[in-house]
């Protein structure tokens, strides 16, 4: 049994690693997705993060593909009560389908509930801040969803420290449900977005952080050891890390593996878990065996030497 952590003060508990759902319907078809989802739950990885827009970047896709596969799996397995489902809204889903207005939130949640084949969402998140929409309007709509039983808790993704602080203040001043989670980009090669103001705020307010790109799109698995390794189309998202700093981080991961065991991916995830405010890093898997890295990372304990070396290499 994997250790669990509460998301803010929501009462929702999730394993120490959250499974990323962006691959379902993108790099995995439905049958392959079912295999990964089945194996994840068997291993205790029972919290899944997705978004309504996944994977509308593919030709012929309109968004909702990931939610649809997860919903079909939930219906086929009859295991809704065993799984924590987190999804997001706000990105462009077509003409008139974007943003965080009250009217659109009501529309978007019904579409997600239908695709997910469920009558409630555990964690419903604003995918990206929309400064032109008053926070009172957005949070008021989210509060209504919670009172209606369609959502258990709310969170935000890609907010600045200033806007996140303002959102928390608006909730408090108006007696509205607050964002219990924050989803920033955070990993060993992308530290600046979260560390500093956001980290301090989340720790002070007891907000649970579920960071995405915990493995830097696969770079921190150690698969990409040169610019040439990232030459193919699947390497496009990691080419920016193929530099002196990135390779220095991989070297520090290798040193930790040499002393403590594990794999670079396990060490990279274990490092994230040592950081203040982190409830669970989000990581995707396209193969069943990759799930074992996620589980093993939870049990891996980094000593002070490894943490200091990784901190220095990634600073």
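The values are calculated or read from the model by the stated rules, or taken from the named source; none is laboratory data. Remember, predicted model here, so these are calculated numbers, not experimental data. Note: ideal-geometry Cβ built from the backbone for every residue, glycine included; neighbour counts use all protein chains shown.
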Original post:
Say we look at segment 214-224 and pick out the residues that are within 20 Å of the chain's Cα centre (by Cα) and in a loop (DSSP other than H, G, I, E, B); which of these is surrounded by the fewest Cβ atoms within 10 Å (Cβ to Cβ)?
Top reply: 215
Subject >> Selected residue (criterion: modelled with the highest pLDDT) from residues of segment 225-242 that are crowded, with 20+ Cβ neighbours inside 10 Å and under 19 Å from residue 281 (Cβ atoms) >> reply: 241
**OP:** Evaluate segment 243-259: report whether one residue or more is assigned to a helix (DSSP H, G or I) and either under 22 Å from residue 41 (Cα atoms) or touching a strand residue (DSSP E or B) at 6+ places or on another chain (Cβ under 6 Å) (or both).
**Re:** no
**OP:** Select from segment 154-179 the residues that are outside any helix (DSSP H, G or I), more than 16 Å from the chain's Cα centre (by Cα) and within 13 Å of residue 128 (Cα to Cα) and list them in ascending order.
**Re:** 160
Subject >> Residue that is farthest from the chain's Cα centre (by Cα), among those in segment 131-153 that are buried (at least 17 other Cβ atoms within 10 Å of the Cβ) and not in a helix (DSSP H, G or I) >> reply: 133
**OP:** Could you please tell me which pairs satisfy a Cβ distance under 7 Å, a separation of 6+ or placement on different chains, a first residue in segment 273-286 that is in contact (Cβ under 8 Å) with a residue 60 or more places away in the chain, and a second residue that is surrounded by fewer than 22 Cβ atoms within 10 Å (Cβ to Cβ) and in a loop (DSSP other than H, G, I, E, B)?
**Re:** 284/22; 284/23; 286/23; 286/27
Original post:
Of all residues in segment 1-50 being touching a strand residue (DSSP E or B) at 6+ places or on another chain (Cβ under 6 Å) and surrounded by fewer than 16 Cβ atoms within 10 Å (Cβ to Cβ), which is farthest from residue 273 (Cα to Cα)?
Top reply: 13
**OP:** Name the residue, out of 182, 198, that is more than 18 Å from residue 124 (Cα to Cα), outside any loop (DSSP other than H, G, I, E, B) and in contact with a helix residue (DSSP H, G or I) (Cβ under 7 Å, 6 or more places away or on another chain).
**Re:** 198
Original post:
Within segment 181-192, can you find the residues that are closer than 14 Å to residue 278 by Cα and surrounded by fewer than 22 Cβ atoms within 10 Å (Cβ to Cβ)?
Top reply: 185, 191
Subject >> Which numbered condition residue 93 fails, given (1) modelled with pLDDT of 95 or more; (2) out of contact with any helix residue (DSSP H, G or I) (no Cβ under 7 Å at 6 or more places or on another chain); (3) surrounded by fewer than 16 Cβ atoms within 10 Å (Cβ to Cβ) >> reply: (3)
Original post:
farther than 23 Å from residue 8 by Cα and not in a helix (DSSP H, G or I) - does that describe any residue in segment 106-114?
Top reply: no
Subject >> Scope segment 78-105; condition in a loop (DSSP other than H, G, I, E, B), closer than 23 Å to residue 284 by Cα and without any contact (Cβ under 8 Å) to a residue 24 or more places away in the chain; matching residues >> reply: 78
Subject >> Segments classed as strands (runs of 3 or more DSSP E), wholly inside segment 1-77, with at least 2 members that are under 22 Å from residue 213 (Cβ atoms), touching a residue at least 40 places away in the same chain (Cβ under 8 Å) and under 18 Å from the mean Cα position of the chain (by Cα) >> reply: 13-15, 18-20, 47-49
Original post:
Restricting attention to segment 294-314, which residues are more than 16 Å from residue 38 (Cα to Cα) and in contact (Cβ under 8 Å) with a residue 60 or more places away in the chain?
Top reply: 297, 298, 310, 312, 313, 314
